[in-house]
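Asker: Before we start, here is the structure in question, set down as structure tokens.
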Amino acid sequence: MQNLFFKTELSLILALCIGFIGLTTIITALFVIPKTKSLLEKYEGLVAPFFSLPAVLFSLTAALLATSVWDNYSVATRAIKTESQSVMTIISLANSAPNLKDSNLVTSAKVYIKSIVEDEWKTLATGRSNSPITDEKFIAMRSEIFKAVNTQPDKAESKALLNEFYAINTARETRQAYASFDLHPVRWYAILFLAVLVLISVAFSHSTKPKALMVAMSIATLTVLTPLCILALTFSSPYQGLISISHAPYLQIIK
């Protein structure tokens, strides 16, 4: 987002709407005003399939861009589910093992999850970084897990605790790593350029009928803006904005 000179998704969406509506108005006016219309009519005769080429390229580029963005969202979502499930497994093991019922393992695990919801989720959304408070809670939980592993006589349960901790650690690092991802601006500029070509091609294909031109340009503008605005909502972080990942899996642990 920083590379696109916009601080928020809404400012980018507003700029897109103003820019493309203004561009549509200018293009339509050029094909309606008699002086410019006579110049543009010289290019009549281009076949219809030629005009569909920009639309096809725009669709493919938007699909590729959306795929890379939603892949990041999917990775972050899986990390959240893995982390919450592993913590729930550790709590279940602590409650079922007789030697662990008197430990602080369950308490430390729930305190860590509560810190994720109340502290780290805010820092991931605003500062795009992990919370020092949550780091302390994680270290405390890790100490309790290792203490339980060392005192647990059953090797199978000790191994299960370690495996779940490693899963939590990996998922936690993944969740923090995907707090921010900025797509390369060249990819964004490419899709904007193709969107402009789509509007120009629509204008040329309806140049002989002013009313049809206005309707076609309006529809084309809305069609182009829809995927662009959706992509703009996903550019900064999966933990903020209108399209954001929920922390509901963690709430099931501390409810």
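Asker: Here are some values of P(r) over Cα pairs in 10 Å bins from 0, in percent: (i) 6, 24, 30, 24, 12, 3, 1, 0; (ii) 7, 24, 21, 16, 12, 10, 7, 3, 1, 0; (iii) 6, 28, 35, 22, 7, 1, 0, 0. Which one was computed from this structure?
Answerer: The listed entry that was calculated here is (ii).
Asker: Still on this structure, I have one more. Could you give the nm distance between label points at Arg142 and Thr107, where each point is 7 Å from its Cα heading toward the beta carbon?
Answerer: Taking the two extended label points, one gets 2.2 nm.
Asker: Mean Kyte-Doolittle of at least -1.0 plus a Cα span of 24 Å or more along the axis: flag which DSSP H helices in the chain meet both, please.
Answerer: Numbers: long enough: 9-32 (34 Å, 2.25); 48-96 (71 Å, 0.75); 132-151 (29 Å, -0.07); 155-177 (33 Å, -0.76); 185-205 (30 Å, 2.00); 210-232 (32 Å, 1.73).
Qualifying helices: 9-32, 48-96, 132-151, 155-177, 185-205, 210-232.
Asker: Related question: Please compare each pair in Lys147/Lys255; Lys81/Lys155; Lys81/Lys255 to a cut-off of 24 Å on the Cα-Cα distance and tell me which ones are over it.
Answerer: Lys147/Lys255; Lys81/Lys155, as the Cα separations exceed 24 Å there.
Asker: Based on other C-beta atoms within 10 Å, arrange Tyr189, Tyr73, Tyr112 from fewest to most. Mind dumping the intermediate values first?
Answerer: Working: Tyr189 11, Tyr73 16, Tyr112 27.
Final ranking by Cβ density, sparse to dense: Tyr189, Tyr73, Tyr112.
Asker: Then there is this: With point charges of +1 on the Cβ of Lys and Arg and -1 on the Cβ of Asp and Glu, referenced to the Cα centre of region 113-228, which listed residue (Ser180, Ile139, Pro227) lies farthest in the positive direction of the dipole?
Answerer: Farthest along the dipole direction, towards plus: Pro227.
Asker: Find the relative contact order for the chain and round it to a whole percent, using C-alpha pairs within less than 8 Å whose residues are 6+ positions apart. Present the calculation step by step, with values, prior to reporting the outcome.
Answerer: Values: 252 pairs, mean separation 90.5, N = 255.
So the answer I get is 36 percent.
Asker: Another question about this same structure. Taking a cut-off of 17 Å between Cα atoms, list the lysines near Lys122, but don't count ones fewer than 8 places away on the same chain.
Answerer: Lys114, Lys137
Asker: For Asn163 and Ser96 in one chain, what is 0.36 nm times their gap in residues minus the Cα-Cα distance, to one decimal in nm? Spell out each step's value before the answer.
Answerer: Details: separation 67, 0.36 × 67 = 24.12 nm, distance 1.70 nm.
Using 0.36 nm per residue and subtracting the Cα-Cα distance, I get 22.4 nm.
Asker: A further question follows. When the helix-only estimate is applied to the chain (DSSP H runs of n ≥ 4, each -39,500 (n - 2.57), divided by the residue count), what is the mean residue ellipticity at 222 nm, nearest 500 deg cm²/dmol?
Answerer: Values: 10 runs with 191 residues, N = 255.
Here the helix-only value at 222 nm equals -25500 deg cm²/dmol.
Asker: Between Lys122 and Thr223, what FRET efficiency follows from the Cβ-Cβ distance if R0 is 45 Å, with the result rounded to 0.05?
Answerer: Details: r = 37 Å, r/R0 = 0.82.
The value I calculate is 0.75.
Every number in this text was worked out from the coordinates using simple rules, so none of it is lab data. Since the model is a prediction, treat every value here as computed from it, not as a measurement. FYI the Cβ positions are ideal-geometry reconstructions off the backbone, even for glycines, and counts take in every protein chain you see.
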